[in-house]
Amino acid sequence: MESAIEVDEGDGRAPRPTGPRAEAREQAILDAALQLLMEVGYDRLSIDALAERARAGKATIYRHWSGKAQIVAEAVRRLKVGAVDVPVDTGSLRGDLLGEMNQVCTTMDSEDAAIISGVLSAMRTDPELAHLIRTQVLDSKRGKFDGIIERAVRRGELPAGSTADLVEEVIPALVVNRLVIQGESLGDEFATHVVDDIVLPLLHH
């Protein structure tokens with residue numbers, strides 16, 4: 001059974017196949033891109049090497065993406081790095097924050113750290129990749145703490161007008177510092193430290 005065809009007008013490329021087989025082929029290419037990113041780095045990641053690793057033709061790759069920046073950005077976007085379920089209402093600001101932090105800590109590992117490190121380094125030298133990561137990846141992950149802060153305001157734990165902006169800035173920075181800079185794993189102790197010693201004091205400042 002042939003795949004359906006998804007027409008993507010305006011990018012100059014051929015119609016993009018869809019369906020289970022096409023999706024599996026596309027994911028294999030994205031997985032191979034992340035493997036090469038960790039093994040050889042972004043600068044040495046070539047379409048030729050990617051085609052060989054993914055066992056895909058270069059024409060297939062270029063049918064989906066215009067270059068490696070788009071491939072890496074899409075691969076990172078699909079990762080479950082830090083992706084969590086909607087936070088459960090535990091009845092308190094501290095409980096909600098701990099629940100969110102514990103989910104983040106359990107979904108990230110040393111492999112994620114290697115990917116983050118590779119992407120951050122590449123963003124410094126590739127403006128296209130930097131733009132794609134900021135607009136397609138980072139922006140899509142914003143707002144996950146909004147519900148927690150809004151509930152805390154309704155409970156009277158935080159003053160009216162409080163926002164999650166500070167939390168959204170601080171927590172990702174602390175996680176990246178722990179995983180990438182310090183090279184240490186995340187866990188319950190780290191989650192509790194972030195919430196009790198850093199985030200709550202900042203919110204109540």
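The values are calculated or read from the model by the stated rules, or taken from the named source; none is laboratory data. Model, not experiment: these values are computed from the prediction. Glycine gets a Cβ as well: all are built from the backbone with ideal geometry, and neighbour counts include every protein chain shown. What goes into the accessible areas is simple: the full protein's heavy atoms, side chains included, and nothing from ligands, DNA or RNA. Shrake-Rupley method; radii C 1.70, N 1.55, O 1.52, S 1.80 Å.
Just a few scattered comments:
- Positions within segment 24-67 being more than 20 Å from residue 110 (Cβ to Cβ), in contact (Cβ under 8 Å) with a residue 40 or more places away in the chain, charged (D, E, K, R) and assigned to a helix (DSSP H, G or I), in sequence order: 63
- Evaluation of residue 7 against the conditions (1) at pLDDT 95 or above; (2) in contact with a strand residue (DSSP E or B) (Cβ under 8 Å, 6 or more places away or on another chain) shows that the sole unmet condition is (1).
Residues are listed down the side, and each one gets a yes or a no for (1) at pLDDT 95 or above; (2) within 15 Å of residue 115 (Cβ to Cβ); (3) open to solvent by less than 70 Å² (accessible area, probe 1.4 Å):
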site	(1), (2), (3)
19	no, no, yes
22	no, no, yes
33	yes, yes, yes
40	no, yes, yes
47	yes, no, yes
55	no, no, no
64	no, no, yes
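- For segment 106-157, the set of residues classified as among the polar types (S, T, N, Q) and farther than 28 Å from residue 188 by Cβ consists of 121, 125, 135, 136, listed by residue number.
- Verdict on residue 196 being within 13 Å of the chain's Cα centre (by Cα), part of a helix (DSSP H, G or I) and acidic (Asp, Glu): no
- Single condition residue 127 does not satisfy, out of (1) closer than 27 Å to residue 46 by Cβ; (2) in contact (Cβ under 8 Å) with a residue 60 or more places away in the chain: (2)
A quick yes/no check of all residues on (1) touching a helix residue (DSSP H, G or I) at 6+ places or on another chain (Cβ under 8 Å); (2) at pLDDT 95 or above:
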position	(1), (2)
72	yes, yes
88	yes, no
101	yes, no
119	yes, no
125	no, no
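- Residues within segment 88-105 that are under 18 Å from residue 188 (Cβ atoms) and of a type in the set (Asp, Glu), tallied: 2
- Scan segment 43-78 for residues that are within 27 Å of residue 139 (Cα to Cα) and over 23 Å from the mean Cα position of the chain (by Cα) and the total you get is 2.
- Note on segment 175-193: residues that are free of Cβ contacts under 8 Å to residues at least 40 places away in the same chain, among the charged types (D, E, K, R), assigned to a helix (DSSP H, G or I) and surrounded by fewer than 15 Cβ atoms within 10 Å (Cβ to Cβ) total 1.
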